[in-house]
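What follows is a set of notes on a single structure, which appears directly below.
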Amino acid sequence: MTARLLVKQTDGVRERPPADLSDLRGTPAWLDLAAPDENEMALIAEELELHPLAVEDARERHERPKADAYDRYYFITFSALAVDSPGTLRTEIFSIFAFTDVIVTVHTGDWPARAEVEKRWRDGRLASAGMLLHALLDTTVDGYFPIVDDYGERADVLEAVILQDVKGDALRASLADLFLLKRDLLRVRKLVAPEREVLQVLSRGDVECYGPEERRYFQDVYDHVVRVTDEIDTLRDLVSNIVDANLAAVSNRLNEVMKVLTAVATILFVMTIVTSFFGQNFVAFIPYDSAVVFWGSIAFTVVSAVALAVFFRRKGWL
Amino acid sequence: MTARLLVKQTDGVRERPPADLSDLRGTPAWLDLAAPDENEMALIAEELELHPLAVEDARERHERPKADAYDRYYFITFSALAVDSPGTLRTEIFSIFAFTDVIVTVHTGDWPARAEVEKRWRDGRLASAGMLLHALLDTTVDGYFPIVDDYGERADVLEAVILQDVKGDALRASLADLFLLKRDLLRVRKLVAPEREVLQVLSRGDVECYGPEERRYFQDVYDHVVRVTDEIDTLRDLVSNIVDANLAAVSNRLNEVMKVLTAVATILFVMTIVTSFFGQNFVAFIPYDSAVVFWGSIAFTVVSAVALAVFFRRKGWL
Amino acid sequence: MTARLLVKQTDGVRERPPADLSDLRGTPAWLDLAAPDENEMALIAEELELHPLAVEDARERHERPKADAYDRYYFITFSALAVDSPGTLRTEIFSIFAFTDVIVTVHTGDWPARAEVEKRWRDGRLASAGMLLHALLDTTVDGYFPIVDDYGERADVLEAVILQDVKGDALRASLADLFLLKRDLLRVRKLVAPEREVLQVLSRGDVECYGPEERRYFQDVYDHVVRVTDEIDTLRDLVSNIVDANLAAVSNRLNEVMKVLTAVATILFVMTIVTSFFGQNFVAFIPYDSAVVFWGSIAFTVVSAVALAVFFRRKGWL
Amino acid sequence: MTARLLVKQTDGVRERPPADLSDLRGTPAWLDLAAPDENEMALIAEELELHPLAVEDARERHERPKADAYDRYYFITFSALAVDSPGTLRTEIFSIFAFTDVIVTVHTGDWPARAEVEKRWRDGRLASAGMLLHALLDTTVDGYFPIVDDYGERADVLEAVILQDVKGDALRASLADLFLLKRDLLRVRKLVAPEREVLQVLSRGDVECYGPEERRYFQDVYDHVVRVTDEIDTLRDLVSNIVDANLAAVSNRLNEVMKVLTAVATILFVMTIVTSFFGQNFVAFIPYDSAVVFWGSIAFTVVSAVALAVFFRRKGWL
Amino acid sequence: MTARLLVKQTDGVRERPPADLSDLRGTPAWLDLAAPDENEMALIAEELELHPLAVEDARERHERPKADAYDRYYFITFSALAVDSPGTLRTEIFSIFAFTDVIVTVHTGDWPARAEVEKRWRDGRLASAGMLLHALLDTTVDGYFPIVDDYGERADVLEAVILQDVKGDALRASLADLFLLKRDLLRVRKLVAPEREVLQVLSRGDVECYGPEERRYFQDVYDHVVRVTDEIDTLRDLVSNIVDANLAAVSNRLNEVMKVLTAVATILFVMTIVTSFFGQNFVAFIPYDSAVVFWGSIAFTVVSAVALAVFFRRKGWL
C-alpha cells in the first residue's frame, strides 16, 4: 500500500504521515490509499468510524458506480476509463469516502485524472474538500469525452465505408469492426449510466456535508454525465443504423450476384445447345456440308448471345 | 467579438455602448455577444455577477441544450438548425443569460431566427425582456418545422419509390438515402429532445424573474418542441417501416430471380440432354437416318421446352 | 366563414345572430365557426377575451391535439378521422374554446360527429355546455372505432393469407398492403395518443368551469381513447408479427427453391454426363455396336435419375 | 335474461325473486344477470341508483378491463378466458357492480370460474360480499394460469424442435405455430395487462365499501395478475428468441444448400468437360485408338471428381 | 417435514423442539421448515398468528419473488439459483416469515446459501434475527454472481468464435449455444428482477420490525440485486449483438459462396462451349486436321479459363 496524506495548511498543501489523520479534523485533507490491504483498511475504518458495509464495498471493487449516504459522509464508487493503446479500454474502479473536510480515495491502479487533480490540490488551487471531490469526479468524467468522441469517429468512418462501398470488399472488413464498436459502447454505457444517480445523490445533498455552492458544482458534473450517456445512446442508434445498412447492402449484392449468375448461365447454356445440336449424328438430315448452315449456326449463336446480353443488361441484371 | 447593447428606451430601441450596461438596470435591454474572447466574457461576468460554471458552459459550447436556474437568472443553452444547402444541416449552439430586464446572448455563428428577432426588438414590437427571450426561443423552434417537414417529404418519396418499384433498380438507389435520412433524424432528435426540459424549467418558473403571463408563452414554445419531437419519432418509425419494406422487397426479388434461374436452367438442361443424346456414337442402335427420329427429337425438344415453360409460368416462376 | 350561434333557451334551441353572443352570458350556447378569417377570429377573441396564444393556435391548425387551461376556459385542439373512400384517411383538426356556458368550435372542414352532435343539441337532448363538449369529444372518439376495427380486419386478412399461403404468390401481393397498414397505424396513433392527455386535463378539472359529474363523463371519453390507443398498439404488434412471418416464409421458400434447383441440376447433370460419355470418339474402346452397352447406358441414365429423384425427395428437396 | 338473486341469510344462502332486491339492503347478496335486455338493465339501474355511464358500459361489452370508482360502489369490467377446444381461446367480458353488501354481475356467456364461485357462495363458504367479489376475481385470474402454462409448453416444444432439427423439415411446420403462439400471447396480454390497474384501484380502496382485510385479498389477486403478465412477457421474449433461432437456422441451411450446389456443379461440370473434350472431332490429333488415352481420360475423370469431392468435404461444403 | 428450531441463547445457539416456539418470544430464533405438510403449516400459522394468504402463498410455491408487509412481520418469497451440473440451472423458491425476533423459512429443496448461513447462525456470528434475514438474502444473492459470470464467459467465448471465424464451421455449432444462452438469461432475469422490489420493501421499512441499521444492510443487498440485473441486461444486449454479428456473417458467407458458384460456373461453361463447338459435325468447314486449330482451341480454352479466373479473383469472387 501507498498511503499519502495531503493536508491543506495555511502555508500550502503539505504531505504528512497518514497517522496524523486523527489530529487534523477541521483542516481540509486528502488521504490517498493505493492498493491497501485488509489491515490497513481496518485501521483507517476505525480512525474515521467508517461503516463496515462501506469498507467491504471499497475492498471488493464492485463494478457498479454508486453513492451511499452515511451519517457524516458519502461512500462513492466511481469508474475511470483509460485507453492505453488503441482498441483496448482499461477500466479503473475506485472508491471515495467523502467527509466535510477529508476525502479518502481507495484504488488499486492509477488513472490520469487522479494525477492531474493531485497536482491542482498540491498547488492549492482547490479551495475545500468539497471542491477536491468535485475536481476528482469532474476530471474523471471529462476523461470520457475523448473516448466517446473516438467511438463517434469510428462510427463515421464505418458509415462512410458502407454507404460508398462499390466493390463490397469493405463490407467484410468492417463487419467485425461494427460489432466490436457496438460491444464497446455497451460496456462503457454500463459503467457510465449509473453515475448519473451518483451525482444526483451528491447534488441533492442527502448528507449535509457540502453547501449549496458545492452541490451546484456536482450538478454540473451530472450534466456532463448525462451528455456522455446521451452521446453513447445516439451512437448506439447510429451504429444500429449502420449495421442495418450493411445487412441491406449485403442482401442487395446477393441479389445482384444471382442476377449475374442467371444471365451468364442463360447465355452460355444457349450457346451450348447450338453447338450440341450440331454435334448430333443426324448426318442424313443436318446438311453438315452446307456453308449456310455452318455460318448460320455461328451467326445464330453470336446473335442470340448478344441479344440475351443486351436483354439482361437492359433489365439491369448484368 | 462584436458586442451590441440594444436598450428599449421610452423613445424606442437604441444601440448603446456595451459599457453602459451597468447604468441600465431596470430598463429592458439585449446584449448580443458574437464570438467573445475569454477577457470579454470575464468582464461581462463580473458586471452581471454571473456564476463561473455558467460562464464556463457558455464558452465551452456544450452540445446538449439545458437550462440552469441561478439566483436571479437562467442560464440557457439552446440549438438552432439551418439548412444552408440541400442535405447539409448546420447546427448553431448558443447560450442565453436571462435576467428580468437583461437578455445576454452568446454565440459564435449566426442563424436566421436571431436576425429576425433583432428586427422585431428594434421595431419595439417585443414588450419586455421576457417576451424577447420567448421570441428568441419561439422563432428558433419554428425554424425546425421546415426542416422536419422536408424530412417527411423525403420519407414519402422513398416510400413511394419502394412500394411502387417494379424493376428493383430504385431499391439500390434509395438504400443510402434511407439510411442517411435515418441518421439525420437521429442527430436532430439528439439536439431537440433535451429542449423540452429547457422549456419546462422556464414555464415552471424555477427562477422568479418572469411572471405567469410570460411562463404561459414559454409553455407554448414547449408545446412546439413536443410537436417537433413527436414528428421526428413518427418519422423514425415510418423510415424503419420503409427500411423493412425495402428488405422484404429485396428478399422477394431474390426469390424471384432464383425461380427464374431454376426454371431457365431446367428448360435448357433438358434441351441439352436431347441433343447430347443424339450426339452419342451408338450408330447401330440410334437410327440417325430416320426422319421420324430426327424430327421427333426436334419436336420432343420443343414440346418439352414449351411444356416446362408453361409449367413454370403457372407456378409463377417465370 | 359561417358562424352559427345555437342558444339553448327555455323554449328550445334557437339559432341567433353571432352578434348576440355578448348578451347571452349565463345561457348555454354553441358558437360554431367554419373557416373563419383573421378579422372574424379577432372579433370573437375580443368578445370572449380569448388569450392571443390560444387564438393563434386555433388559426394555425396545429397537428397535435392538446388542452390548455386558461383562467375561465379550456382551449382544446382535437382531431377527427373520416374514411371518405376505402384506403384514404382524412384528418380534420378542430379547436374548441370551452367556457362554463359557451362552447366555441373552430374548424375548416366538416366531420360526421359534428353534424350528429348539432342535431342532438338542437333537439335539446344535451343538458349543458359541458355535456355539449362531452358529446363533441365522445362522438368524435367513437368515430375512431370503426376505422381501427377496419385496420384489425385488414390485419386478420393479411395474416390468414400469409399463414395459409402455399404458392407464395400472395406474399408479393400482400407485402405493400402490410407496410401501408403499418404506416396508417403510425399516423393514426400520432393523432390519437396525445388526446389521452387532453382528456386527462379535462377530467382532472384544471379549470373550474365544469362540475364533478361532467368530469366523470370526460373520464369516460378518456377510457375510450385509451382503448383506441391500446387497440392500435396491439395491432402494431400483430402487424410486426405478420411482417416477421412474411419474411420467414420468404426465406423458407428461397431455401426450397434452391433445394429444387440443386436437385434438378444434379439429376440433369448426371444424365448429360452419360450421353456426353458416349459421344466420345473412342470407337476402339467403347463398343458402340453392343446392344448391352446401348441399352445399359439408357438404363443407367434412367435408373440413376430415378434414384437421385427418390433420394432428393426423401431429403425433402423435391 | 336470467336474473338470480342469491341472498346470504342466517339460515344459509337462499335464492329469492330479483324483485326482493330493494328489501335486502344490509344482507349480503349476489344478483347474477345473464344477458339482460335494455329494460331489465334499466330497472336494476333505477333500483340500485347506478350511474348511466356505468350502465352503458355494462351493456356495451367494452373489451378493455377497467375499474371505475363511483360514490358507493365500484363498476368493474373484467375478462375471463376459456379454452373450449385446443387452439381456440374464448374470451368472456363481464361487468360487476360492487357495493358493500350487494354484488351484481352482468354477463352474456358463462365461464367455469363463475359456476365454481356460485357453488362456494351457495355453500356459505364466502363470508361477505367483499369476499364474494374477491372469489370471483381470484378464481377468474387463476383460470389464466393453465392457459399461460399451456403456451409455455407450446414454446418449449417449438424450441426443442428448432434447436434439435437436423433435416430442416420441422422448420417449415413450426413456422406458422410460432407466429400463432406469438399472436395468442399478444391477445391475452391485451386482456390481462389492464387488470393490474383494476386490482390496484380495489386494493387502494378508492371507494370505502370494503375494509383493509378485504383490500389485502385484492392485493393478493393483483400479485397473481402481475405474475401472469410477467409470464406472458417472458414467453414473448422466449418466442422472439425462438423465431430468431428459426431465421438463423434457415439462413444457415440456405448457406449449406448453396455450398452443396456449388460443389456438385463443379464436380459434374469437370466430368462433362472431359467427356466433351473427347467428343471433339480432332481425330488427327487425339489418339482415339490409344488405350492409354481412353483409360487415362476415365482415370482422370474419376480422380478429379474424387479429389474435388474430398476437397469440398474438407471445406465442409459437402 | 423436518422442522428445526435454532434459538440464540446466552450460552450459544441451541436446537430446541419446534414446540418450544411459543415460549421463546423475545429470544432470536430461526425455525427452518423443510417440506412441511398442510397440517404442520397450519400449526405454525396458528402459533405465530400468520395471515391465511401468506400461509397459502408459502405452500403454493409461487414462482415470483415478492415481499408482503403484514402487521408485525414480512412475508417474503425469494429464489435461489444453483448449477448442479454444467448447463442445468436449478431454481429453489423459498418463503420467509420475518418477525422482529423469529425468522421462519419454508422450503422444499435445499440450496448452498442456506447451509452456509445456518453454520454462521450456529456459530453465533449473526447478532439478531434481522441480521439472520440479511445473511440469508445476501448469501443467496451472492450465489447469483458466479452463475452470471459464467454466462458472461460463455458470451465472450461465442463472440470470439464468431468474430474470428474463417471457415464458417463454427457458425453452425455456436448457433444453438447462443440461443440457449439468451433463453437462460431470460429465465434468470425473470427470477431476479422482482427481487429488487422485495429488497426495496425491506429497506424502506414498511413493517417496523427492523431498525435503520438493519435496513441499511437490506439496502446493500438491494444494490447487489441491481448489479445482477444490470449484468444480465448488458449480457442480453451483448448476446443480441453477437446474434446479429452471426446473421451478418452468415449473409456475407452466402454472398461469397454464390460468387464462387458464379465464377466457377462461368469458367467451366466457357470450357464446355469450346469442346462442344469442336464436337460439331461440320467436318467440311472446321479443319479438324489442322494442328493450328487443335492446339489453338486448347490454348484458347486454357487462356480464357485463366483470364476469367484472374478476372473473378480481382473482383474478389474467387
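The values are calculated or read from the model by the stated rules, or taken from the named source; none is laboratory data. All figures in this text were calculated on a predicted structure; none of them were measured in a lab. When we count neighbours, we look across all protein chains shown, and the Cβ atoms used for this are built from the backbone with ideal geometry, even at glycine.
Go through segment A:188-243 residue by residue and tally those that are charged (D, E, K, R) and out of contact with any helix residue (DSSP H, G or I) (no Cβ under 6 Å at 6 or more places or on another chain). Don't jump to the end; show me each part of the working.
Step one: list which residues in segment A:188-243 are charged (D, E, K, R), which gives A:189-190, A:195-197, A:204, A:206, A:208, A:213-216, A:220, A:223, A:227, A:230-231, A:233, A:236-237.
Pick out the ones that are also out of contact with any helix residue (DSSP H, G or I) (no Cβ under 6 Å at 6 or more places or on another chain) and you get A:197, A:204, A:206, A:208, A:213, A:216, A:223, A:227, A:230, A:233.
Result for segment A:188-243: 10.
Residues B:THR275, B:THR229: which one is assigned to a helix (DSSP H, G or I), in contact (Cβ under 8 Å) with a residue 24 or more places away in the chain and at the interface with chain C (Cβ under 10 Å from one of its Cβ atoms)?
Result of the check over B:THR275, B:THR229: B:THR275.
Quick one: count up the residues across segment A:281-300 that are closer than 18 Å to B:MET271 by Cβ and modelled with pLDDT of 90 or more.
Qualifying residue count, segment A:281-300: 2.
Could you list all residues from segment E:57-86 that are of a type in the set (Asp, Glu) and in contact with a Leu (Cβ under 6 Å, 6 or more places away or on another chain)?
The answer is none; no residue qualifies.
How many residues, within segment C:274-293, are crowded, with 16+ Cβ neighbours inside 10 Å and touching a Phe, Trp or Tyr at 6+ places or on another chain (Cβ under 7 Å)?
The total comes to 9.
Quick one: which residue in A:VAL306, A:VAL257 is free of Cβ contacts under 8 Å to residues at least 40 places away in the same chain and more than 7 Å from chain E (Cβ to nearest Cβ)? Give the steps one after another, and end with the answer.
Values: A:VAL257 fails: more than 7 Å from chain E (Cβ to nearest Cβ).
Only one candidate qualifies: A:VAL306.
Test B:ASP57 against the stated conditions and say whether it is out of contact with any strand residue (DSSP E or B) (no Cβ under 7 Å at 6 or more places or on another chain) and farther than 19 Å from B:THR100 by Cα.
No, not satisfied.
Can you tell me which residue within segment C:195-225, out of those that are within 7 Å of another protein chain (Cβ to nearest Cβ) and not acidic (Asp, Glu), is nearest to B:ARG253 (Cα to Cα)?
Among residues in segment C:195-225 that are within 7 Å of another protein chain (Cβ to nearest Cβ) and not acidic (Asp, Glu), the one nearest to B:ARG253 (Cα to Cα) is C:TYR217.
Of the residues A:ASP177, A:ASP142, which is within 24 Å of B:LEU180 (Cα to Cα) and of a type in the set (D, E, K, R)?
A:ASP177
Among the residues that make up segment B:249-265, is at least one of them more than 30 Å from C:ALA176 (Cα to Cα), more than 46 Å from the chain's Cα centre (by Cα) and not basic (Lys, Arg)?
yes
Quick one: which of B:LEU50, B:LEU6 is out of contact with any His (no Cβ under 6 Å at 6 or more places or on another chain), in a loop (DSSP other than H, G, I, E, B) and modelled with pLDDT of 90 or more?
From the options B:LEU50, B:LEU6, the qualifying one is B:LEU50.
Can you tell me which residues in segment B:70-91 are over 17 Å from B:ARG114 (Cα atoms), outside any loop (DSSP other than H, G, I, E, B) and within 13 Å of another protein chain (Cβ to nearest Cβ)?
Matches in segment B:70-91: B:PHE75 only.
Report whether or not E:ILE267 is over 23 Å from B:GLN280 (Cβ atoms), of a type in the set (A, V, I, L, M, F, W, C), facing chain D (nearest Cβ under 10 Å) and out of contact with any helix residue (DSSP H, G or I) (no Cβ under 8 Å at 6 or more places or on another chain).
Taking the combined requirement at face value, the residue does not satisfy it.
Search segment B:106-117 for residues being farther than 17 Å from B:ASP142 by Cβ and of a type in the set (Val, Ile, Thr), and hand back the single one that is surrounded by the most Cβ atoms within 10 Å (Cβ to Cβ).
Here the residue is B:VAL106.
Within segment E:232-251, does at least one residue satisfy the condition of being β-branched (Val, Ile, Thr), without any contact (Cβ under 8 Å) to a residue 40 or more places away in the chain and farther than 14 Å from A:ARG253 by Cα? Give the steps one after another, and end with the answer.
Filtering segment E:232-251 down to residues β-branched (Val, Ile, Thr) leaves E:232, E:234, E:239, E:242-243, E:250.
Of the ones still in play, those that are also without any contact (Cβ under 8 Å) to a residue 40 or more places away in the chain are E:234.
From what is left, the residues that are farther than 14 Å from A:ARG253 by Cα are E:234.
Yes, the conditions are met somewhere in segment E:232-251.
Taking only segment D:106-138 into account, find how many residues are more than 23 Å from D:ALA54 (Cβ to Cβ), under 24 Å from the mean Cα position of the chain (by Cα) and among the charged types (D, E, K, R).
Result for segment D:106-138: 1.
Quick one: is D:ALA34 of a type outside the set (Ser, Thr, Tyr) and under 24 Å from D:PHE218 (Cβ atoms)? Let's see the steps before the verdict.
Numbers: of a type outside the set (Ser, Thr, Tyr): yes; under 24 Å from D:PHE218 (Cβ atoms): no.
No, not satisfied.
Checking A:TYR217 against (1) assigned to a helix (DSSP H, G or I); (2) surrounded by fewer than 21 Cβ atoms within 10 Å (Cβ to Cβ), only one condition comes out false. Which one?
(2)
Hey, can you tell me all the residues within segment A:121-137 that are assigned to a helix (DSSP H, G or I) and either modelled with pLDDT under 90 or buried (at least 19 other Cβ atoms within 10 Å of the Cβ) (or both)?
First, the residues of segment A:121-137 that are assigned to a helix (DSSP H, G or I): A:121-122, A:129-137.
Scanning segment A:121-137 gives A:TRP121, A:ALA129, A:GLY130, A:MET131, A:LEU132, A:LEU133, A:HIS134, A:ALA135, A:LEU136, A:LEU137.
Condition check: closer than 30 Å to D:VAL239 by Cβ, touching a Leu at 6+ places or on another chain (Cβ under 9 Å) and surrounded by fewer than 21 Cβ atoms within 10 Å (Cβ to Cβ). Does D:LEU89 satisfy that?
Taking the combined requirement at face value, the residue satisfies it.
Is it fair to say C:GLY296 is more than 9 Å from chain B (Cβ to nearest Cβ), in contact (Cβ under 8 Å) with a residue 40 or more places away in the chain, surrounded by fewer than 20 Cβ atoms within 10 Å (Cβ to Cβ) and not polar (S, T, N, Q)?
Working: more than 9 Å from chain B (Cβ to nearest Cβ): yes; in contact (Cβ under 8 Å) with a residue 40 or more places away in the chain: no; surrounded by fewer than 20 Cβ atoms within 10 Å (Cβ to Cβ): yes; not polar (S, T, N, Q): yes.
Criteria not met by C:GLY296.
Can you find even one residue in segment C:233-241 that is surrounded by fewer than 16 Cβ atoms within 10 Å (Cβ to Cβ) and either under 25 Å from the mean Cα position of the chain (by Cα) or of a type in the set (S, T, N, Q) (or both)? Before the answer, list the steps.
Let us first name the residues in segment C:233-241 that are surrounded by fewer than 16 Cβ atoms within 10 Å (Cβ to Cβ), namely C:233.
Adding the requirement that they be either under 25 Å from the mean Cα position of the chain (by Cα) or of a type in the set (S, T, N, Q) (or both) leaves C:233.
Yes, segment C:233-241 contains a residue that is surrounded by fewer than 16 Cβ atoms within 10 Å (Cβ to Cβ) and either under 25 Å from the mean Cα position of the chain (by Cα) or of a type in the set (S, T, N, Q) (or both).
Do you know which residues across segment A:13-66 are over 30 Å from A:LYS190 (Cβ atoms) and among the aliphatic types (A, V, I, L, M)?
A:VAL13, A:ALA19, A:LEU21, A:LEU24, A:ALA29, A:ALA42, A:LEU43, A:LEU48
Does A:THR262 count as surrounded by 15 or more Cβ atoms within 10 Å (Cβ to Cβ) and at the interface with chain E (Cβ under 9 Å from one of its Cβ atoms)?
On the way: surrounded by 15 or more Cβ atoms within 10 Å (Cβ to Cβ): yes; at the interface with chain E (Cβ under 9 Å from one of its Cβ atoms): no.
So A:THR262 does not fit the description; no.
Could you grab me the full set of residues in segment D:31-69 that are within 14 Å of another protein chain (Cβ to nearest Cβ), surrounded by 17 or more Cβ atoms within 10 Å (Cβ to Cβ) and among the charged types (D, E, K, R)?
Across segment D:31-69, the qualifying residues are D:ASP57, D:ARG64, D:LYS66, D:ASP68.
Out of all the residues in segment D:1-16, which are of a type in the set (Ser, Thr, Tyr) and either in contact with a Pro (Cβ under 6 Å, 6 or more places away or on another chain) or closer than 19 Å to D:GLU38 by Cα (or both)?
Listed by number, the list holds a single entry, D:THR2.
Can you tell me which of (1) over 30 Å from B:ALA249 (Cα atoms); (2) more than 7 Å from every other protein chain (Cβ to nearest Cβ); (3) assigned to a loop (DSSP other than H, G, I, E, B) is the one C:PHE285 doesn't meet?
In the conditions (1) over 30 Å from B:ALA249 (Cα atoms); (2) more than 7 Å from every other protein chain (Cβ to nearest Cβ); (3) assigned to a loop (DSSP other than H, G, I, E, B), C:PHE285 misses (2) alone.
Please determine whether any residue of segment E:233-250 is assigned to a helix (DSSP H, G or I), away from chain D (no Cβ under 14 Å) and among the polar types (S, T, N, Q).
Checked segment E:233-250: at least one residue is assigned to a helix (DSSP H, G or I), away from chain D (no Cβ under 14 Å) and among the polar types (S, T, N, Q).
Regarding C:GLY168, is this residue modelled with pLDDT of 90 or more and more than 10 Å from chain D (Cβ to nearest Cβ)?
Criteria not met by C:GLY168.
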